[in-house]
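For reference, the structure discussed in these notes is given below.
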């Protein structure tokens, strides 16, 4: 009888508790703005044409390219095959150059004769440094050595004057970020190679084995250099733009009208900067009072907020407007107080979700950090 009484009490208690703790729901107000990225080294106005040269001993033909090419020339004699392969390599380099290193923006045009600019990319040979002899092959993170492969990007005007001289180093896109270190898990997936490498004792022979193995990825390495060269060229010479998708946040539940009003004001102000209608469009200086007012209101509300979801909305809003005001320190301070911001890259997100907009804000912060004074709101 006593147990029945306790059960009835629990059943009555918890529903009432649930009613007293109504779940807070966020509302999202999407905002869009555009950063204009100014070139670091604007070209003279008389520059119109450019040519591209790629000087390399690296082979741009990967396994599948090679297989496809062989299927087309199997009936040719040796000399003819060699000539056709040389042509295939040149064609591939020319396509990569135009695709990745082309300035491709008015008024620039690629030309092969008497160009105003000559863009050269030259790659160096493979170097394997700090070879490790005492390796734990059971640990995939064990380091085998350090790979040193680099290239030089040079841009000259038609008088031979160097306008840009930029080294590019090759990095492996690893799980923890870019690295130059070769690890066991990069090369030991092939059992026969793993056994052969373990059985080899002399350092120079180990080095040759690794270099030979790395050379199987020559096409990927060369394409990396060409892509990075293209990024460097655009940063230095071309006006670029990046559109950002983020949001201000409100609370769907009653009792948060002040927070929601500030979020709506900020959303309208931010979106007015890039409005399609000239009548509705406002300058960045015009919307500053609205953003400052919203920021003041959110800070006041944050000092009294106790619910984690409300705090999350306020931290997100303050971070957003701080970024737009070029206060990157405050932006990062508030982002780091959001639980979901930790390990953000590993989190999946649906379009329009909170994480989706948080990732947009994070991308904008990193873009501004990287480009600084060259990135300005358009």
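Which of the numbered conditions does residue 248 fail, given that it passes all the others? Conditions: (1) buried (at least 19 other Cβ atoms within 10 Å of the Cβ); (2) modelled with pLDDT under 95. So residue 248 meets the others, but not (2).
Note on the range 315-345: residues that are outside any helix (DSSP H, G or I) and either closer than 26 Å to residue 273 by Cα or out of contact with any helix residue (DSSP H, G or I) (no Cβ under 6 Å at 6 or more places or on another chain) (or both) total 6.
Out of 199, 189, one residue alone is in the same structural domain as residue 232 (by TED's automatic domain parsing), loosely packed, with under 15 Cβ neighbours inside 10 Å and at pLDDT below 80. It is 189. For the range 302-317, how many residues are under 34 Å from the mean Cα position of the chain (by Cα) and farther than 16 Å from residue 245 by Cα? Within the range 302-317, residues that are under 34 Å from the mean Cα position of the chain (by Cα) and farther than 16 Å from residue 245 by Cα number 10. Evaluate the range 51-67: report whether one residue or more is part of a loop (DSSP other than H, G, I, E, B), under 30 Å from residue 241 (Cβ atoms) and touching a residue at least 12 places away in the same chain (Cβ under 8 Å). No, every residue in the range 51-67 fails to be part of a loop (DSSP other than H, G, I, E, B), under 30 Å from residue 241 (Cβ atoms) and touching a residue at least 12 places away in the same chain (Cβ under 8 Å). In the condition set (1) surrounded by fewer than 18 Cβ atoms within 10 Å (Cβ to Cβ); (2) touching a residue at least 24 places away in the same chain (Cβ under 8 Å), residue 97 is compliant with all but (1).
Only one residue in 144, 117 is buried (at least 16 other Cβ atoms within 10 Å of the Cβ) and within 24 Å of residue 238 (Cβ to Cβ), so which one is that? Just a single option satisfies the conditions, and that option is 117. Residues of the range 107-135 that are farther than 19 Å from residue 55 by Cβ and touching a helix residue (DSSP H, G or I) at 6+ places or on another chain (Cβ under 8 Å): 128, 131, 133, 135.
Among the conditions (1) over 23 Å from residue 216 (Cα atoms); (2) part of a helix (DSSP H, G or I); (3) at pLDDT 90 or above, the only one that residue 40 does not satisfy is (2).
Check the range 78-94 and report whether any residue there is outside any helix (DSSP H, G or I) and either in contact with a helix residue (DSSP H, G or I) (Cβ under 6 Å, 6 or more places away or on another chain) or surrounded by fewer than 12 Cβ atoms within 10 Å (Cβ to Cβ) (or both). Checked the range 78-94: no residue is outside any helix (DSSP H, G or I) and either in contact with a helix residue (DSSP H, G or I) (Cβ under 6 Å, 6 or more places away or on another chain) or surrounded by fewer than 12 Cβ atoms within 10 Å (Cβ to Cβ) (or both).
The values are calculated or read from the model by the stated rules, or taken from the named source; none is laboratory data. If you're wondering where the values come from, they're calculated on a predicted model, not measured in any experiment. Every residue, glycine among them, receives a Cβ derived from its backbone with ideal geometry; neighbour counts consider all protein chains shown.
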